[in-house]
Structures are given as C-alpha cells and as structure tokens.
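Student: First the structure, then my questions, so here it is.
The values are calculated or read from the model by the stated rules, or taken from the named source; none is laboratory data. If you're wondering where the values come from, they're calculated on a predicted model, not measured in any experiment. All Cβ positions, even for glycine, are placed from backbone atoms using ideal geometry, and neighbour counts span all protein chains on display.
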Amino acid sequence: MFRVAVTQMNAYSFDKHRNLRLVGRLLKASSKRGAQLVVFPELCVTGYSVLRNAVRVAESVPGPSTRFVSSLASELGLNVVIGMVEEYNGGVYDSAVLIDSSGDVTGFHST
C-alpha cells in the first residue's frame, strides 16, 4: 500500500521562512505516520495573497526553498509536492514542484 498525506496549512504571505518551518514540521509528522508522498497546498511556501506582488517572492527551481524541502525529503525518505512562486526564464509562475525521496527535483508544473 502506498500512503499519501495531503496537508492543509495557513501559509503566511511573504514569510517563506515561517512557512518552510511549518512545512518541515508537517513533513516530519507525516513521516512518523508512514506517509510516502506528502502533498502541500498551492503557494504554501509564499502564501496565496502574494500573486499581485509575486515577483517579490519568486525564486528559481532549484532555489533556497526547494533545497530546504529536498534536504528533508531525502532525510525522511519522502516524496513531496510543494507549491511556490517560481521565477523561470524571465517569467513568474504559480508552480507545483515534485521532489522525490532521494531529494531530487523530478518534475514541476507551472501556470
């Protein structure tokens, strides 16, 4: 059986550090409960109300947020889907990033 944890969290707008600390706690709790895949909400890294000012919080993939989550994914042996604002090729996108249990970014979808 493959166990999936779907998280719900209140992300704080423009406070990536606070949101990533919460992501870390939820990853650890999900791991303890036997999850193999943990799915986070859209824009959980930056908060949802940032879209008008997305360029202020956008980062590349890989970048600081994905490196943080990748490290935990590898440490805990989890596959993770995380939502963030991504800067790519001069544009800013609402992206979902897939990180595998070895900590590698294996896919992402941008809109």
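The rows are residues; the columns are (1) over 20 Å from GLY77 (Cα atoms); (2) part of a loop (DSSP other than H, G, I, E, B).
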| residue | (1), (2) |
| --- | --- |
| ASN10 | yes, yes |
| SER13 | yes, yes |
| ARG21 | no, no |
| LEU26 | no, no |
| SER31 | no, no |
| CYS44 | yes, yes |
| VAL55 | yes, no |
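Student: Which residue, of ASN10, ASN79, ASN53, is loosely packed, with under 13 Cβ neighbours inside 10 Å and either at pLDDT below 95 or within 21 Å of HIS109 (Cα to Cα) (or both)?
Tutor: On the way: ASN79 fails: loosely packed, with under 13 Cβ neighbours inside 10 Å; ASN53 fails: loosely packed, with under 13 Cβ neighbours inside 10 Å.
None of the other options fit; the residue is ASN10.
Student: Got at least one residue in region 21-35 being of a type in the set (Val, Ile, Thr), surrounded by 21 or more Cβ atoms within 10 Å (Cβ to Cβ) and at pLDDT 95 or above?
Tutor: Yes, because at least one residue in region 21-35 is of a type in the set (Val, Ile, Thr), surrounded by 21 or more Cβ atoms within 10 Å (Cβ to Cβ) and at pLDDT 95 or above.
Student: Turning to a different aspect of this structure: Out of contact with any His (no Cβ under 8 Å at 6 or more places or on another chain), surrounded by fewer than 21 Cβ atoms within 10 Å (Cβ to Cβ), within 17 Å of LYS16 (Cα to Cα) and among the aromatic types (Phe, Trp, Tyr): does that describe PHE68?
Tutor: Details: out of contact with any His (no Cβ under 8 Å at 6 or more places or on another chain): yes; surrounded by fewer than 21 Cβ atoms within 10 Å (Cβ to Cβ): yes; within 17 Å of LYS16 (Cα to Cα): yes; among the aromatic types (Phe, Trp, Tyr): yes.
When the stated conditions are applied, PHE68 passes them.
Student: Please go through region 30-53 and give me each residue that is touching a residue at least 40 places away in the same chain (Cβ under 8 Å) and within 15 Å of VAL92 (Cα to Cα), ordered by number. Please lay out each step first, then the result.
Tutor: Narrowing region 30-53 to residues touching a residue at least 40 places away in the same chain (Cβ under 8 Å): 30-31, 35-45, 51.
Matches in region 30-53: GLU42, LEU43, VAL45, LEU51.
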